[in-house]
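Trainee: Dumping the structure here so I can ask a few things about it.
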4 protein chains.
Amino acid sequence: MTDLSWNTAITEIKPNEVRLRGYRIDDLMGSISFAEAVYLAIKGELPSANVAKMMNAILVSSIDHGASPPSALAARTVASTGAPLNAAVAAGILSINRHHGGAIQGCIKVLKSGIDRVHQSGETVDKIAANLVSEHKASGKRIAGLGHRIHTNDPRTAKLFQLAQELGIAGEGLQMIVAIQSSLADAGKALPINVDGAIAAVLLDLDIPSELANAMFFIARVPGLILQAHEEQTRERPMRRIHPTEISYDGPAPRSLD
Amino acid sequence: MTDLSWNTAITEIKPNEVRLRGYRIDDLMGSISFAEAVYLAIKGELPSANVAKMMNAILVSSIDHGASPPSALAARTVASTGAPLNAAVAAGILSINRHHGGAIQGCIKVLKSGIDRVHQSGETVDKIAANLVSEHKASGKRIAGLGHRIHTNDPRTAKLFQLAQELGIAGEGLQMIVAIQSSLADAGKALPINVDGAIAAVLLDLDIPSELANAMFFIARVPGLILQAHEEQTRERPMRRIHPTEISYDGPAPRSLD
Amino acid sequence: MTDLSWNTAITEIKPNEVRLRGYRIDDLMGSISFAEAVYLAIKGELPSANVAKMMNAILVSSIDHGASPPSALAARTVASTGAPLNAAVAAGILSINRHHGGAIQGCIKVLKSGIDRVHQSGETVDKIAANLVSEHKASGKRIAGLGHRIHTNDPRTAKLFQLAQELGIAGEGLQMIVAIQSSLADAGKALPINVDGAIAAVLLDLDIPSELANAMFFIARVPGLILQAHEEQTRERPMRRIHPTEISYDGPAPRSLD
Amino acid sequence: MTDLSWNTAITEIKPNEVRLRGYRIDDLMGSISFAEAVYLAIKGELPSANVAKMMNAILVSSIDHGASPPSALAARTVASTGAPLNAAVAAGILSINRHHGGAIQGCIKVLKSGIDRVHQSGETVDKIAANLVSEHKASGKRIAGLGHRIHTNDPRTAKLFQLAQELGIAGEGLQMIVAIQSSLADAGKALPINVDGAIAAVLLDLDIPSELANAMFFIARVPGLILQAHEEQTRERPMRRIHPTEISYDGPAPRSLD
């Protein structure tokens, strides 16, 4: 070995053997869901049944949000030029930044700083949340994870929080974001917790490293980007002008699970 | 509506309501796994329990294959320059092409053409497989989905085939690729069916559109790309020279489920 | 040296010495224009003064074409999410494909096949052009490099052809595309030669490898993509809806050189 | 016009008329070099003859730096999987970040802050440079634009500075970086000004907006990325292991202009 040799702790590859974090991949196949494998890959350990259910719900929540988010429009624009599917998906992923999808990490930072202050000061969560709200107001900054340009009551947030409670995962992260929302409403600025904020709270309570929090959104959204790009290439003519809002839905009618 | 208006059949967005292929996303959350949501998004209908298990196994099989595939090295190279995580992942996805990951689609094409010939000619699968092998040999082309630079007996293939049999999914696709492998071995060229070939056969038997077949690999591999890039940024110094083979594993020791 | 060692014939790097195709880069700096360096890099030899002028004109012709091409819209969409400039430019470059910018390579292929037929058959250029036109018509295919969705008489084409004549560069490529356009007009389908077609003809007459022909367009357009993305980030609010046609120009008023 | 309408000040497109910053593109073609068009696009005005020469020299200086920079290796890694050229170039551009190419913007920031202090304090450039050096030392931070892993005396820097002097462009930017280098040497840490630092100083003296400074490097390097990717696809076998240092040069032998 030269000084160019290096180590990885993710996956071990030997002839006829592939191990993810120590487990044979062929043992994992058929035994755990993909969302559990994602958790294992990120955290190094298998999730409990409840955490597995939560991970699946988080990924399902963000699989697609229609054709109008910038990541979908970027993927479609690239797809419309005759690009291979991976180029369209890459453009979509490059669109996930501070103003789109990227709020998860920013929100975790705010929640963490609030929780740290609670621990250090002995003040209540509500008191610290009120302080965070007034500090952001004073500096003219928005708190990441609240507000949505379409939803006033994001259905994904309600369900993520309900599951987090039922599955015993809800903790300080969830408590803090709810307190921030209340405090904002008290200050006359009622805003919904959006799906980024909800995922931020739950990932914090799951102790997922914050620098990988946005990445959970990439994992979840890639199928959506693929389908948006694929629909563009199969339903529309190349190089069309893609209007960002004149979009109607003509897929399967509303239906319920069983 | 102007002539710029257009339609999508994937996801319906209304204020406080998000429906994927007709189902409320908040009903899907907690009820189905992410892999099932991927199937619903692609096919427009929910999978059976057996197909759900197969979809999870396919995605788990390809979540990562260590640090040496070109997609992992491209993601690490970009990550080592101080790039944001999405840029590194985009570079990884741009590396999934004909020679890496891209064999799935090519293999499906061969399998399909073989199956069509069986139907049209009334010949046996073994006869048609032998014809395909000799035709490829004559034209000097490799058959996509066979052979691997590391594995002589890919553990992922064996498990995918075992599950496909147990779950009642194995059909003409699987039969054809096995016949092709046999025929190749008879011709003195014993090659393992690699994970691309195995996924190709199973996706064909699941009737997944072949132009989305490679995309299944993007979905599966994104977590691996994220973790490779993240490990690069957290364990290594920026701008290091990344050797493509002098890689050792120092993660969790081998362990078993249960 | 191990079997991993490899060679490059483009640039030689030694401590305190950088040589492009054999020339010291610091000798080239101040002596040749960037377009000449591009030619040297591609062809391995310095261009004549006339070819240098042509190379500059080709690159200038394609530096930008406003905010409405898909590459500009993709770059702006990514930029609007708060992406770093290189991510926006990457998305723009990923938009240069068969239906946008990519016609250069397709057009060269047609022109080359026509020229080859002239040489082999001894027929006139006009006769072969007529054959190509009727063959494309019969198979329902468009000939790449003709037609534009905005310009009926592309000013860039006229100037490229004028320069190619004046500089003694015009050859069989240019002759063939003009013959094809005439033949199309005779067949009742008058179409302008677009800038892709004009560049294709000139690059063919410059003997630039056809697989690098589209790449000339990447080189030319990168400044445009940068400025489109930068203008998006400096003039517009994040995450705005980007309309693909409701675009007005409010820059410097029309003016002339000297 | 609806509220979705918007403006651009870069390029005006009308049928049969394309104007960059007010000038007809067909007037610019044949009259100015590509580097001048880049300056016009960025600054909105045509450069003087001296500035035109400087712009060309800056772009030539960075057209390629061999096969070992991360951007070249990323482009080659993607190219080796069978990717189209634009995907390989996109991966290369995504590799231009803080630790590679991205030093230009960081260096401009340091130089600007130094110049501002000179203006405000009335202190000498040498005094302020010494302060900057000791402040960076105290905080353990490197000053962007100094030091190189291969060159102890970067030939591109010397030439850029010589040209900037000869062409009457050298100003406070250049003065400040030279003073910083001296001050570092006096402090026992002799480091060369690298090409990023040299370009930073000259772009500052040319009053190019600092957020577009790194972008000058994208423009310059795209031809290099294209050729690295193209050489990979034409000289090497797909999916080879790309060693990051065992690279030899076998192109044209050293030669001189004239």
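Trainee: Using the 7 Å Cα-to-Cβ label point, sort the distances from B:SER139 to its equivalents in the other copies shortest first and give them in nm to one decimal.
Mentor: 1.7, 6.3, 6.3
Trainee: For chain A, with a Gaussian network of springs between Cα atoms less than 10 Å apart, report the residue from A:LEU132, A:LEU204, A:LEU28 with the top mean-square fluctuation.
Mentor: Residue with maximal mean-square fluctuation among A:LEU132, A:LEU204, A:LEU28: A:LEU28.
Trainee: What are the residues of region B:188-232 that lose 30 Å² or more of accessible area, with a 1.4 Å probe, going from their chain alone to all protein chains?
Mentor: When all protein chains are present, B:GLU211, B:LEU212, B:PHE218, B:ILE219, B:VAL222, B:PRO223, B:ILE226, B:LEU227, B:HIS230, B:GLU231 each give up 30 Å² or more of accessible surface.
Trainee: Shape verdict for region B:1-75, please, from the Cα gyration tensor: rounded (a/c under 1.5), prolate (a/b greater than b/c) or oblate.
Mentor: Oblate is the answer for region B:1-75, as a/c is 1.5 or above yet b/c matches or exceeds a/b.
Trainee: Local charge sum around C:GLY145 (other residues, Cβ-Cβ under 13 Å, Lys/Arg +1, Asp/Glu -1)? Please list the in-between numbers first.
Mentor: Working: positive: C:ARG98, C:LYS109, C:LYS112, C:LYS141, C:ARG142, C:ARG156; negative: C:ASP154, C:ASP196.
That sum, taken over residues with Cβ under 13 Å, equals +4.
Trainee: First select every other residue whose beta carbon is under 11 angstrom from the beta carbon of D:SER62; then total the charges, Lys and Arg +1, Asp and Glu -1.
Mentor: 0
Trainee: Any idea what the alpha-carbon Rg over 2.2 N^0.38 Å comes to for chain B?
Mentor: 1.14
Trainee: What's the total accessible area buried between chains A and B, using a 1.4 Å probe, rounded to the nearest 100 Å²?
Mentor: 9300 Å²
Trainee: Looking only at other chains, what is the average number of their beta-carbon atoms within 10 angstrom of each beta-carbon in B:40-50?
Mentor: 2
Trainee: Considering only protein heavy atoms and a 1.4 Å probe, what is the carbon-and-sulfur percentage of the accessible area of region D:19-92?
Mentor: 43 percent
Trainee: Can you tell me what share of the DSSP beta bridges in the protein assembly as shown is antiparallel? A percent to the nearest 5 is fine.
Mentor: Taking every DSSP beta bridge with both residues in the protein assembly as shown, the antiparallel ones total about 60 percent.
Trainee: Something else: Per residue of B:97-105, count partner chain C-beta atoms within 10 Å of its C-beta, then hand back the mean as an integer.
Mentor: Per residue, the number of nearby Cβ atoms from other chains is 5 on average.
Trainee: Hey, can you find the accessible area per residue of the protein assembly as shown for me, probe 1.4 Å, expressed in square angstrom?
Mentor: 36 Å²
Trainee: Further question: Take every DSSP beta bridge with both residues inside chain A and express the antiparallel ones as a percent of the total, to the nearest 5.
Mentor: 90 percent
Trainee: Given the -39500 (n - 2.57) contribution per DSSP H run of 4+ residues, what per-residue ellipticity at 222 nm results for chain C, rounded to the nearest 500 deg cm²/dmol?
Mentor: -17500 deg cm²/dmol
Trainee: What share of Cα pairs, in percent, lie more than 37 angstrom apart in the protein assembly as shown? Show your work: numbers first, answer last.
Mentor: On the way: 279185 of 531996 pairs.
Counting pairs separated by more than 37 Å, the tail of P(r) holds 52 percent.
Trainee: Explain nothing, just compute: Karplus ³J(HN,Hα) = 6.51 cos²θ - 1.76 cosθ + 1.60, θ = phi - 60°, for every residue of region B:8-14 in order, whole Hz, x for Gly and Pro.
Mentor: 9, 10, 8, 10, 9, 10, 10
Trainee: Still on this structure, I have one more. Taking Cα atoms of region B:1-128, Rg/Rh with Kirkwood Rh, to two decimals? Working shown, then result.
Mentor: Working: Rg = 20.3 Å, Rh = 18.8 Å.
Computed over Cα atoms, the ratio is 1.08.
Trainee: Quick one: dipole size for chain B, taken about the Cα centre, charges +1 on Lys/Arg Cβ and -1 on Asp/Glu Cβ, in debye to the nearest 20.
Mentor: 740 debye
Trainee: Can you grab the distance from the C-alpha centre of region B:31-55 to the C-alpha centre of region A:188-222, Å, no decimals?
Mentor: Result: 24 Å between the Cα centres.
Trainee: Here is a follow-up. Please work out the FRET efficiency for the pair B:LYS137 and C:SER139, using the Cβ-Cβ distance as r and a Förster radius of 51 Å; give the result to the nearest 0.05.
Mentor: Numbers: r = 32 Å, r/R0 = 0.63.
Efficiency at R0 = 51 Å is approximately 0.95.
Trainee: Once you list every other residue whose beta carbon is under 12 Å from the beta carbon of D:ARG235, what net charge do they have if Lys and Arg are +1 and Asp and Glu are -1?
Mentor: Details: positive: D:ARG76, D:ARG237, D:ARG240; negative: D:GLU231, D:GLU232, D:GLU236, D:ASP250.
Once all neighbours under 12 Å are counted, the net charge is -1.
Trainee: Give me a single rounded figure for A:157-167: the average over its residues of other chain Cβ atoms within 10 Å of their Cβ.
Mentor: For peptide A:157-167, the averaged partner shielding equals 2.
Trainee: How far, in whole Å, is the closest Cβ of chain B from the axis that maps B onto D, and which residue does it belong to?
Mentor: With distances in whole Å, chain B gives B:ALA91, 2.
Trainee: Here's another thing I want to ask about it. Pairs of Cα atoms under 8 Å, at least six residues apart: use those to get the relative contact order of chain A, whole percent.
Mentor: Numbers: 321 pairs, mean separation 66.9, N = 258.
Answer for chain A is 26 percent.
Trainee: What distance in nm separates the two pseudo spin-label positions at D:GLU123 and B:GLU166, each 7 Å out from Cα along the beta-carbon direction?
Mentor: If labels sit at D:GLU123 and B:GLU166, their model points lie 7.3 nm apart.
Trainee: Tell me the distances, shortest first, between D:ARG240 and the same position across the other copies, using label points 7 Å along Cα→Cβ, in nm to one decimal.
Mentor: Counterpart label points of D:ARG240 in the remaining copies fall at 2.5, 4.4, 4.9 nm.
Trainee: Equivalent-ellipsoid semi-axes (√(5λ), Cα gyration tensor) for region D:103-211, whole Å, largest first?
Mentor: Numbers: eigenvalues 72, 61, 31 Å².
Semi-axis lengths for region D:103-211 are 19, 18, 12 Å.
Trainee: If you don't mind, another one. Could you pull the copy-to-copy label distances for A:GLY44, with points set 7 Å along Cα to Cβ, in nm to one decimal and sorted shortest first?
Mentor: Spelled out, the distances from A:GLY44's label point are 4.7, 5.2, 5.5 nm.
The values are calculated or read from the model by the stated rules, or taken from the named source; none is laboratory data. For clarity, every value in this text was computed on a predicted model and none was experimentally measured. We place every Cβ from the backbone using ideal geometry, glycine too, and count neighbours over all the protein chains shown. Just the protein is used for accessible areas: all its heavy atoms, side chains included, with ligands, DNA and RNA removed. Shrake-Rupley method; radii C 1.70, N 1.55, O 1.52, S 1.80 Å.
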